[in-house]
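The values are calculated or read from the model by the stated rules, or taken from the named source; none is laboratory data. Just so we're clear, the structure is a prediction, and the values are computed from it rather than from any experiment. Here the Cβ is made from the backbone with ideal geometry for all residues, glycine too, and neighbour counts use every protein chain on show.
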Amino acid sequence: MSATSIETTVETMPAKKEFWRWQENVWVDESKDWKSAKLITCGIDVGSVSSQAVLVVDGELYGFNSMRTGNNSPDSATNALQGVMDKCGMQLSDIHYVVGTGYGRVNVPFAHKAITEIACHARGANYMGGNSVRTILDMGGQDCKAIHCDEKGKVTNFLMNDKCAAGTGRGMEVISDLMQIPIAELGPRSFDIDAEPDAVSSVCVVFAKSEALGLLKAGYTKNKVIAAYCQAMAERVVSLLERIGVEEGFFITGGIAKNPGVVKRIEKLLGIKAMETKVDSQIAGALGAALFGYTLMQKQGAKAA
Amino acid sequence: MIANYGYKDGSGEYYISIDTDKCIDCAAGRACLEACPKQMFEVIADDYDDQVVWVKKPNCRTLAYDCSACKPAAGYASLPCTLACTPGAIKHSW
């Protein structure tokens with residue numbers, strides 16, 4: 001085969017489909033007019049996998065953008081914010097205070113303050129679920145957190161595991177790619193089975209991936225393998241939660257909160273139903289950050305007065 | 001607030017818990033900072049602007065190895081950090 005024909009073959013090969021790629025999302029509350037606001041604050045959550053920018057106008061959620069984090073944290077922060085600003089015609093100069101959070105919080109070039117994602121998720125969950133939220137489970141892209149908070153969303157206990165992919169979004173992306181099924185379909189398909197299978201390894205995603213391949217070869221359907229992985233993930237995060245205990249008022253944040261396959265299995269293991277919210281669960285950290293900014297600005301205004 | 005630093009992996013669970021309510025007005029003069037041979041603790045301002053001790057980030061993922069030199073297998077009857085912390089804020093999970 002000539003070099004030219006090889007090049008031509010490569011050029012015409014279909015691009016590899018990225019099954020792990022989840023839906024990016026931008027939203028603005030068009031019933032509100034930000035131009036008449038007294039205080040506009042912004043929270044930027046730069047995570048290892050996803051980045052969110054949230055705008056809060058006079059203490060209320062106004063808009064957000066959720067997108068995949070690139071290989072550069074400052075650019076990810078800028079792009080996330082630009083996405084939501086473009087949606088509503090806002091400029092950075094219109095925003096009174098910006099709080100950065102997440103792994104890349106110190107790399108948000110326009111942030112006034114950095115606050116950890118632990119505190120921000122608690123604050124965001126308190127807004128989304130109400131003041132009865134007491135236990136928060138955040139399943140992020142590359143870490144998993146269990147948090148207790150009080151009625152004001154102040155953290156009273158927390159525990160985070162960021163060493164291992166098991167129980168994180170990254171693990172789910174690996175399975176999505178392995179099964180060649182879009183990540184958004186994994187949860188619903190995990191229920192389309194005859195009987196609930198045993199979990200695959202909940203210790204390590206590498207082991208879980210090997211086991212998943214073995215199960216396929218043994219005759220398991222893809223749906224059954226996905227169910228086994230969802231169960232493993234649920235068991236993993238429940239063990240994390242049980243280390244600090246689960247109080248009534250259970251709320252799940254992060255991208256995996258949108259995966260019913262994992263959420264329903266967690267609820268079954270705990271015997272507690274997770275609180276529901278109409279707000280995208282993935283923005284909890286950035287929302288909490290923006291609300292922290294609002295509180296800080298109010299305090300400054302009170303001091304100035 | 002109880003702050004847990006550490007991880008769970010295939011070999012087990014390793015967490016150091018710090019009760020920040022006992023840590024804020026430390027009656028032991030932050031003795032834990034010097035007591036730890038690996039100097040794993042440092043004082044920070046937390047998210048609520050309280051001065052508390054935490055486990056340094058790089059050490060959070062290597063606790064099993066870093067703390068092994070202070071465990072009973074290394075000849076210690078008690079952990080130097082928990083002994084130094086007379087308010088009882090520091091605890092080990094393993």
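Of all residues in segment B:37-94 being of a type in the set (Ser, Thr, Tyr) and closer than 13 Å to B:GLY6 by Cα, which is nearest to the chain's Cα centre (by Cα)? This residue is B:SER93. Close Cβ contacts (under 7 Å, 6 or more residues apart or on different chains) running from residues in segment A:35-62 that are in a loop (DSSP other than H, G, I, E, B) to residues that are surrounded by fewer than 22 Cβ atoms within 10 Å (Cβ to Cβ) and among the polar types (S, T, N, Q) comprise A:SER48/A:GLN142; A:VAL49/A:GLN142. Of the residues in segment A:114-125, not one is more than 11 Å from chain B (Cβ to nearest Cβ) and surrounded by fewer than 21 Cβ atoms within 10 Å (Cβ to Cβ).
So that you can scan it fast, the table gives a plain yes or no per residue for (1) within 20 Å of A:GLU211 (Cβ to Cβ); (2) not assigned by TED's automatic domain parsing to the domain that holds A:ARG170:
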position: A:TYR229; (1), (2): yes, no
position: A:ARG236; (1), (2): yes, no
position: A:LEU240; (1), (2): no, no
position: A:ILE252; (1), (2): no, no
position: A:PRO260; (1), (2): no, no
position: A:VAL263; (1), (2): no, no
position: A:GLY288; (1), (2): no, yes
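Quick check, is A:LYS145 among the basic types (Lys, Arg) and modelled with pLDDT of 90 or more? When the stated conditions are applied, A:LYS145 passes them. Here A:GLY70 meets each of (1) touching a strand residue (DSSP E or B) at 6+ places or on another chain (Cβ under 7 Å); (2) surrounded by fewer than 24 Cβ atoms within 10 Å (Cβ to Cβ) with one exception, condition (1). Looking at (1) within 12 Å of chain A (Cβ to nearest Cβ); (2) in contact with an Asp or Glu (Cβ under 8 Å, 6 or more places away or on another chain), can you tell me which one B:GLY88 breaks? Result: B:GLY88 fails condition (1) only. A count restricted to segment B:48-82 and to residues that are in a helix (DSSP H, G or I), more than 14 Å from chain A (Cβ to nearest Cβ), crowded, with 16+ Cβ neighbours inside 10 Å and in contact (Cβ under 8 Å) with a residue 24 or more places away in the chain stands at 3. Looking across A:LYS145, A:LYS217, A:LYS163, A:LYS224, one residue alone is over 30 Å from B:SER17 (Cβ atoms) and surrounded by 17 or more Cβ atoms within 10 Å (Cβ to Cβ). It is A:LYS224. Annotation note: of A:ASP94, A:ASP86, A:ASP143, A:ASP150, the sole residue that is among the acidic types (Asp, Glu), closer than 20 Å to B:ALA3 by Cβ and out of contact with any Asp or Glu (no Cβ under 9 Å at 6 or more places or on another chain) is A:ASP150. For segment A:93-113, the candidate set comprises residues that are on the phi < 0 side of the Ramachandran plot and within 15 Å of the chain's Cα centre (by Cα); within that set, the residue that is surrounded by the most Cβ atoms within 10 Å (Cβ to Cβ) is A:THR101.
One residue stands out among those in segment B:1-47 that are closer than 30 Å to A:THR295 by Cα and free of Cβ contacts under 8 Å to residues at least 12 places away in the same chain: the one that is nearest to the other protein chains (Cβ to nearest Cβ), which is B:ASP47. What pairs come out if I take residues in segment A:144-173 that are in the same structural domain as A:ALA125 (by TED's automatic domain parsing) and more than 23 Å from A:GLY129 (Cβ to Cβ) and pair them with residues that are surrounded by fewer than 23 Cβ atoms within 10 Å (Cβ to Cβ) and of a type in the set (Phe, Trp, Tyr) whose C-beta lies under 9 Å away, six or more apart or interchain? Nothing qualifies. Considering only residues of segment A:166-186 that are surrounded by 22 or more Cβ atoms within 10 Å (Cβ to Cβ) and away from chain B (no Cβ under 14 Å), which is modelled with the lowest pLDDT? Here the residue is A:GLY169. Mind listing whichever residues of segment A:212-230 are closer than 21 Å to A:GLN142 by Cβ and in contact with a Ser or Thr (Cβ under 9 Å, 6 or more places away or on another chain)? Those that are closer than 21 Å to A:GLN142 by Cβ and in contact with a Ser or Thr (Cβ under 9 Å, 6 or more places away or on another chain): A:ILE226, A:TYR229, A:CYS230. Within segment A:188-214, the set of residues being touching a Pro at 6+ places or on another chain (Cβ under 9 Å) and surrounded by fewer than 20 Cβ atoms within 10 Å (Cβ to Cβ) comprises A:PRO188, A:PHE191. Screening A:ASN25, A:ASN65 for residues that are within 21 Å of the chain's Cα centre (by Cα) and at pLDDT 95 or above leaves exactly one candidate, A:ASN65. Here A:VAL263 fulfils each of the conditions (1) under 21 Å from A:THR135 (Cβ atoms); (2) within 14 Å of chain B (Cβ to nearest Cβ) apart from (2).
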